[in-house]
Amino acid sequence: MSLLIRNGLLVEHDGRRKADIYCEDETITKVGNQLEAPAGATVVDAKEMYVFPGFIDPHVHIHLPFMGTFAKDTHASGSKAALIGGTTTFIEMCCPNRTMDLIDGYEEWKSLASGNASCDYAFHMSVPKWEDDKTESQLDAIVGDGTSSFKIFLAYKDFFGVYDDELFKILTYAAKHGVITTAHTENAELVAQMQARLLAEGKTEPKYHEMSRPDYVEASGVNHFATFLQLTGAKGYVVHLSNAKALAAAMKARYQGVALGVEVVIPHLILNKSYAEQPSFESAKYIMSPPLRTKADNEALWNALASGLVDTVATDHAPFDFVGQKEMGKDDFTLIPNGIPAIEDRINLLYTYGVSRGDLTLERFVEVGSTNAAKFFGLYPRKGTLRVGSDADLVVFDPKKKGSFSVKTQSMNIDYNGFEGMERDGMPTLVSVRGEVQVKDGAFVGEAGRGKMIRRETLV
Ligand code: URP
Ligand code: ZN
Ligand code: ZN
């Protein structure tokens, strides 16, 4: 299996150059000018196109039993949608709840992904509790299996959420073993109290979701998480940071020496809370946590992204149909399954509204869409770069292929698109994973189920 891509503009996080790129078997083996390919090689002309390292989505939910239902994508459908959108590796939140055994959960997620995912993948292991007699040895087994990042929730009380004593033990373990811990930082108790108060006042519509979890509750959660990181010496990463106050809290922690990465997600960059405040129940399509915020928050996140304060752009893909699932919260906003899916649209939205119509350079686009996630989570330089020796995960991107986002054309297994009708400036025309062409001209053409679990080292 060999693949030669000629005449493209190769863009990495630290520069760009016009060159050919040649891949043999699963690996990039040559980068240079006027490269020749042996007979039988696949040769692609990428004139006037960009060639990017495969994009990495560091926060997705595929299998997700949550809020009385299941997220709609399977590993088969979600991974194909990812690939069509230029994402060649995703990191899935492996999310057993507090009642489940950690190892049973881990094995369940692994077996669902194995043989079904068509892109490469890894897991962040959610640790929803600490049991003195067994959690440590269970985590030893999981980390030893190459899952070297954790997830904790301060939100979702009594389901995914951890208590403070448990958090301290988890982070103490993480610090000792060189594991990075990702965190959803909304304070569960404050959210639960606010939800109860709003419902008691008869405020049941989707528009009250944001009011039940204001920006400063998320910001105080960032402070809380950072305090635990400081005390334990663990390395942390705030997921789906949504607003300027939470950003300020993260920066304050960072300036005080806390090792803290920051992720934003596509809905918080592109959409604002007016979508969730429409008078009709359609607004339920725009319910996620943390909620959509103000336009000023959108702007703060874009600025932070361009200036280097934010490290990664993920999706937090969590697809729930409008019909039958979001509708579960018709009379009570707290029952609307949370999530605005975007696994297929992340890179096209980031390119269109960040690069083409915004301030992101092509290099920064690659850095926040791919390279930084690889560096934070132990995938670099295997992924996230176009170096000789790296996996041949390539995205040939044609900036001239314009279009729009729509449920009518998407592959994601869900009955709406949160970005319906928005314009798109360009798209991936070819996507390879470890040398195999998986997507051509917007369609999946490759080998289904070929994705591999990428095992990762710890930081120490
Ligand atoms: O609304 C969201 N974010 N749904 C998925 C679960 C989570 O909190 O990441
Ligand atoms: Zn979350
Ligand atoms: Zn999430």
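Condition test on Phe168, is it under 16 Å from Ala253 (Cβ atoms) and either among the aromatic types (Phe, Trp, Tyr) or surrounded by fewer than 23 Cβ atoms within 10 Å (Cβ to Cβ) (or both)?
No; evaluated as a whole, the condition is false for this residue.
Looking at the range 165-206, which of its residues are closer than 21 Å to Glu218 by Cα, outside any helix (DSSP H, G or I) and out of contact with any helix residue (DSSP H, G or I) (no Cβ under 6 Å at 6 or more places or on another chain)? Step through it out loud before you land on a result.
To start, the set of residues in the range 165-206 that are closer than 21 Å to Glu218 by Cα comprises 165-168, 170-171, 180-199, 206.
If we keep only those that are outside any helix (DSSP H, G or I) too, we end up with 180-187, 206.
Within the range 165-206, Ile180, Thr182, His184 meet the criteria.
When the range 298-324 is examined, which residues are found to be away from ligand 1 (no atom under 16 Å from the Cβ) and not aliphatic (A, V, I, L, M)?
Asn298, Glu299, Trp302, Asn303, Ser307, Gly308, Asp311, Gly324 - these are the residues of the range 298-324 that are away from ligand 1 (no atom under 16 Å from the Cβ) and not aliphatic (A, V, I, L, M).
For the range 351-372, check the following and say yes or no: at least one residue is under 23 Å from Gly426 (Cβ atoms), small (Gly, Ala, Ser) and within 16 Å of ligand 1 (Cβ to nearest atom).
Of the residues in the range 351-372, the ones under 23 Å from Gly426 (Cβ atoms) are 351-372.
From what's left, small (Gly, Ala, Ser): 354, 356, 358, 369-370.
Applying the additional criterion that residues be within 16 Å of ligand 1 (Cβ to nearest atom) yields none.
Checked the range 351-372: no residue is under 23 Å from Gly426 (Cβ atoms), small (Gly, Ala, Ser) and within 16 Å of ligand 1 (Cβ to nearest atom).
Would you check which residues across the range 365-418 are assigned to a loop (DSSP other than H, G, I, E, B), among the hydrophobic types (A, V, I, L, M, F, W, C), in contact with a strand residue (DSSP E or B) (Cβ under 9 Å, 6 or more places away or on another chain) and over 26 Å from Asn7 (Cβ atoms) and list them?
Phe377, Leu379, Phe405, Met412
For the range 433-455, name all the residues that are outside any loop (DSSP other than H, G, I, E, B), over 13 Å from Gly54 (Cα atoms) and among the charged types (D, E, K, R).
Pass one, the range 433-455, residues outside any loop (DSSP other than H, G, I, E, B): 433, 436-440, 443-444, 453.
This time we only want the ones that are over 13 Å from Gly54 (Cα atoms), so: 440, 443-444, 453.
Lys440 - this is the single residue of the range 433-455 that is outside any loop (DSSP other than H, G, I, E, B), over 13 Å from Gly54 (Cα atoms) and among the charged types (D, E, K, R).
Keeping to the range 379-417, report how many residues are polar (S, T, N, Q), in contact (Cβ under 8 Å) with a residue 24 or more places away in the chain and within 14 Å of Asp441 (Cα to Cα).
2
When the residues of the range 119-154 are filtered to those that are among the small types (Gly, Ala, Ser) and either in contact with a Pro (Cβ under 7 Å, 6 or more places away or on another chain) or buried (at least 24 other Cβ atoms within 10 Å of the Cβ) (or both), which remaining residue is nearest to Phe55 (Cα to Cα)?
The residue in question is Ala122.
Going by the conditions given, is Met194 within 16 Å of ligand 1 (Cβ to nearest atom) and touching a residue at least 12 places away in the same chain (Cβ under 8 Å)?
Considered against the rule, which asks whether it is within 16 Å of ligand 1 (Cβ to nearest atom) and touching a residue at least 12 places away in the same chain (Cβ under 8 Å), Met194 comes out as no.
Check Gly178 against each of (1) buried (at least 23 other Cβ atoms within 10 Å of the Cβ); (2) more than 16 Å from ligand 2 (Cβ to nearest atom); (3) over 18 Å from Asp332 (Cα atoms) and name the one condition it does not meet.
For Gly178, the failing item is (1).
Which of the residues spanning the range 309-341 are out of contact with any strand residue (DSSP E or B) (no Cβ under 8 Å at 6 or more places or on another chain), in contact (Cβ under 8 Å) with a residue 12 or more places away in the chain and not aliphatic (A, V, I, L, M)?
The answer is Pro319, Asp321, Phe322, Lys326, Glu327, Gly329, Lys330, Asp331, Asp332, Phe333, Thr334.
Out of the range 380-391, which residues are surrounded by fewer than 23 Cβ atoms within 10 Å (Cβ to Cβ) and under 17 Å from the mean Cα position of the chain (by Cα)?
Tyr380
Restricting the search to the range 24-55, which residues are part of a loop (DSSP other than H, G, I, E, B), hydrophobic (A, V, I, L, M, F, W, C) and either in contact (Cβ under 8 Å) with a residue 40 or more places away in the chain or within 19 Å of Lys440 (Cβ to Cβ) (or both)?
Ala37, Ala41, Ala46, Met49
Quick check: is even one residue across the range 418-441 without any contact (Cβ under 8 Å) to a residue 12 or more places away in the chain and over 23 Å from Asp316 (Cα atoms)?
yes
Can you list residue pairs whose Cβ atoms sit under 6 Å apart, with the first residue in the range 102-117 being of a type in the set (Gly, Ala, Ser) and the second being at pLDDT 95 or above? Count only pairs 6 or more apart in sequence or on different chains.
Listed pairs, sorted by first residue: Gly105/Pro96; Ala113/His75; Ala113/Tyr121; Gly115/Gly449; Ala117/His75; Ala117/Ser79; Ala117/Gly451.
Have a look at Ala71, Ala82, Ala46 and point out the one that is in contact with an Asp or Glu (Cβ under 7 Å, 6 or more places away or on another chain) and surrounded by 20 or more Cβ atoms within 10 Å (Cβ to Cβ).
Ala82
Can you name the residue in the range 68-81 that is in contact with a Leu (Cβ under 7 Å, 6 or more places away or on another chain) and touching a residue at least 24 places away in the same chain (Cβ under 8 Å) and is also nearest to ligand 2 (Cβ to nearest atom) among such residues?
Per the criteria, the residue is Ala71.
Test of understanding: among Ile56, Ile91, which residue is closer than 21 Å to His124 by Cβ, buried (at least 16 other Cβ atoms within 10 Å of the Cβ), within 16 Å of ligand 2 (Cβ to nearest atom) and of a type in the set (Val, Ile, Thr)? Steps first, answer last, please.
Numbers: Ile56 fails: within 16 Å of ligand 2 (Cβ to nearest atom).
Criteria check complete, one pass: Ile91.
Residues in the range 260-302 that are surrounded by fewer than 18 Cβ atoms within 10 Å (Cβ to Cβ), assigned to a helix (DSSP H, G or I) and free of Cβ contacts under 8 Å to residues at least 60 places away in the same chain: how many?
5
In the range 181-236, which residue that is closer than 24 Å to Ile142 by Cβ and not hydrophobic (A, V, I, L, M, F, W, C) is surrounded by the fewest Cβ atoms within 10 Å (Cβ to Cβ)?
My answer is Gly233.
Against the definition (out of contact with any strand residue (DSSP E or B) (no Cβ under 6 Å at 6 or more places or on another chain), within 16 Å of ligand 1 (Cβ to nearest atom) and either over 23 Å from Gly384 (Cα atoms) or of a type in the set (Phe, Trp, Tyr) (or both)), how does Pro65 come out, yes or no?
yes
The values are calculated or read from the model by the stated rules, or taken from the named source; none is laboratory data. Quick caveat: nothing in here was measured; it's all calculated off a predicted structure. Heads up, the Cβs are rebuilt from the backbone with ideal geometry, glycines too, and the neighbour counts pull from every protein chain shown.
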